[in-house]
Amino acid sequence: MTKKSDTKTEKKAAAKAKAKAKSPTQTKIPGTERRDRIEEIESAGSKYREARDARMEMQEDEEQAQQDLTNVLRKHGVTSYVYEGHDGKKYEAYIPAEAKAKVRRVKEPKAPKVAE
């Protein structure tokens, strides 16, 4: 028996793969060009659109990762957890009042200045 969340994830993955497939550009037929067309603007617009779509896809992945973190914290009955990241810095995963997990870097306490 497959879990409902597994089928949801599979459907999302299939939709992402379909969206990732770059749509072909239309063939240009000589003599049918638009006279008011500015190639530079259209090229820049296409480049922006591709960057925007990539960002939106990353945002979906981030939201899923945040939900997974929230679920894991709740599963273990923890509202705040400090851990060391791959970069050697300390981070805190926590669930604030709005109920979505967040991660922030933990600042090291500064050593007190000694008067000379």
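A search for C-beta distances below 9 Å between a residue of region 69-95 that is over 15 Å from residue 106 (Cβ atoms) and any residue that is loosely packed, with under 10 Cβ neighbours inside 10 Å and modelled with pLDDT under 90, counting only pairs 6+ apart in sequence or on different chains, returns 70/99.
Of the strands (runs of 3 or more DSSP E) lying entirely inside region 51-112, those containing at least 3 residues that are touching a Phe, Trp or Tyr at 6+ places or on another chain (Cβ under 9 Å), at pLDDT 90 or above and surrounded by 11 or more Cβ atoms within 10 Å (Cβ to Cβ) span 90-94. Within region 30-42, does at least one residue satisfy the condition of being at pLDDT 75 or above, touching a helix residue (DSSP H, G or I) at 6+ places or on another chain (Cβ under 8 Å) and surrounded by 10 or more Cβ atoms within 10 Å (Cβ to Cβ)? No, region 30-42 has no match at all.
The values are calculated or read from the model by the stated rules, or taken from the named source; none is laboratory data. Predicted model, so just to flag it, every value in this text is computed and none were measured. Positions of Cβ are backbone-derived with ideal geometry, glycine not excepted, and every protein chain shown enters the neighbour counts.
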